[in-house]
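K.L.:
Please see the structure below; I have some questions.
Every read-out reported here was derived from the displayed coordinates using simple, explicitly stated rules and does not represent laboratory data. Bear in mind the structure is a predicted one, so any value in this text is a computation, not a measurement. In this analysis, Cβ positions are derived from the backbone assuming ideal geometry, glycine residues included, and neighbour counts consider all displayed protein chains.
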Amino acid sequence: MNIPLVAEIVGLEKIINTDPVAITFFIGYMAMFASAVFFLVERSTVDGKWKLSLLVSALITGIAAIHYYYMRDFYLQTGQSPTAFRYVDWTLTVPLMCVEFYLLTKPFGAKGGTLFKLILASLVMLVTGYIGETSGISNNILWGIISTLGYLYIVYEVFAGDIARLTKTSDSPALGRAMFLLKIFITLGWSIYPIGYMVLPGNLLSGAFAVSSIDLFYNLADAINKIGFGLVIYYVAVSESSKTVAVATS
Ligand SMILES: *C/C=C(C)/C=C/C=C(C)/C=C/C1=C(C)CCCC1(C)C
């Protein structure tokens, strides 16, 4: 049997009480879990074509909740979080966010090709980002730049490419408002990640922040982006569904 030493317990308690990174792992886990339950339950209150969008929101937050469950534990035991957990999570959830863009614009003519381009760009962004974070100091700026090209391509698609065009021709005010908010998420919200990356040793902002761990950036960004993104889609789904009810009863 493995009885922990008193010193170990005191150490753990100190981490939980005073380390902001540890606290954000806990909050992140609970918030993601609660959101997944919320989106799943609310699925039954929206119209047919929105049910899939809410299911995808539940998957995004649910996948993150499970990763946070493990990352939180690992962090408490070791004071670190493996880069791989983080990137496995993103490699599943960011393409699912691309699916959300596709589903939102599909009723207005989005094609599979658009989805494919978005997913490909997100994979380029994440695979090169992972190489940059794990391959050491000497090349992480270069890989970060390549990764940023993938990111900028997604921004381009949403602001000026297929997604923007379909939103414009959709004449749906709810979709217009949702896209406006989602644009804020992918520019301001998503930019937290490359900023966190640039604080890594050897990178452009190294030493600029007195934050010991890049995980603080990533935890905050994940909570904002995954839950906020899902709530925006929930908002469109609810407003579009109530429109159908209004038409049906008038
Ligand atoms: C739920 C997770 C999300 C929305 C993750 C998004 C991640 C990014 C936008 C990451 C971007 C990166 C760059 C643009 C350059 C440096 C490397 C990355 C992967 C941190």
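K.L.:
Quick check on the exposure proxy: order M97, M30 from fewest to most C-beta atoms within 10 angstrom.
P.N.:
Arranged by neighbour count, lowest to highest, M97, M30 become M30, M97.
K.L.:
Which one, I63, L216, L120, projects farthest toward the positive side of the charge dipole computed for the chain from Cβ point charges (K/R +1, D/E -1)?
P.N.:
Highest projection toward the positive end goes to L120.
K.L.:
Turning to a different aspect of this structure: Could you give me the ³J(HN,Hα) list for segment 94-103, computed from phi with Karplus coefficients 6.51, -1.76, 1.60 and θ = phi - 60°, whole Hz, x at Gly and Pro?
P.N.:
For segment 94-103, the Karplus-derived couplings read 5, x, 5, 5, 5, 4, 4, 4, 5, 5 Hz, x marking Gly and Pro.
K.L.:
Further question: Specify whether the C-alpha gyration tensor of segment 129-250 places it in the rounded, prolate or oblate class, a ≥ b ≥ c being the square roots of the eigenvalues: rounded for a/c under 1.5, otherwise prolate if a/b is larger than b/c and oblate if not. Could the numbers behind the result be given before it?
P.N.:
Numbers: a/c = 4.15, a/b = 2.28, b/c = 1.82.
Cα axes put segment 129-250 in the prolate bin.
K.L.:
Across segment 56-61, in residue order, what do the Karplus-derived ³J(HN,Hα) couplings come to in whole Hz, using 6.51 cos²θ - 1.76 cosθ + 1.60 with θ = phi - 60° and x for Gly and Pro?
P.N.:
For segment 56-61, the Karplus-derived couplings read 5, 4, 5, 5, 4, 6 Hz, x marking Gly and Pro.
K.L.:
Averaging sequence separations of C-alpha pairs under 8 Å and six or more residues apart, then dividing by the length of segment 3-242, give the relative contact order as a whole percent.
P.N.:
22 percent
K.L.:
Moving to a separate point now. Taking the Cα centre of the chain as the origin, how large is its charge dipole in debye, to the nearest 20, when only Lys and Arg (+1) and Asp and Glu (-1) carry charge on their Cβ atoms? Before the final figure, lay out the partial values.
P.N.:
Details: 15 positive and 15 negative charges, 162 e Å.
Dipole magnitude for the chain comes out near 780 debye.
K.L.:
Counting Lys +1, Arg +1, Asp -1, Glu -1, what net charge surrounds G196 among other residues with beta carbon under 15 Å of its beta carbon?
P.N.:
Values: positive: R86; negative: D89, E133, D215, D222.
Charge balance in the 15 Å sphere: -3.
K.L.:
Divide by every residue of the chain the summed helix terms, -39500 (n - 2.57) for each DSSP H run of at least 4, and state the resulting mean residue ellipticity at 222 nm, rounded to the nearest 500 deg cm²/dmol.
P.N.:
Details: 11 runs with 193 residues, N = 250.
Mean residue ellipticity, 222 nm, calculated: -26000 deg cm²/dmol.
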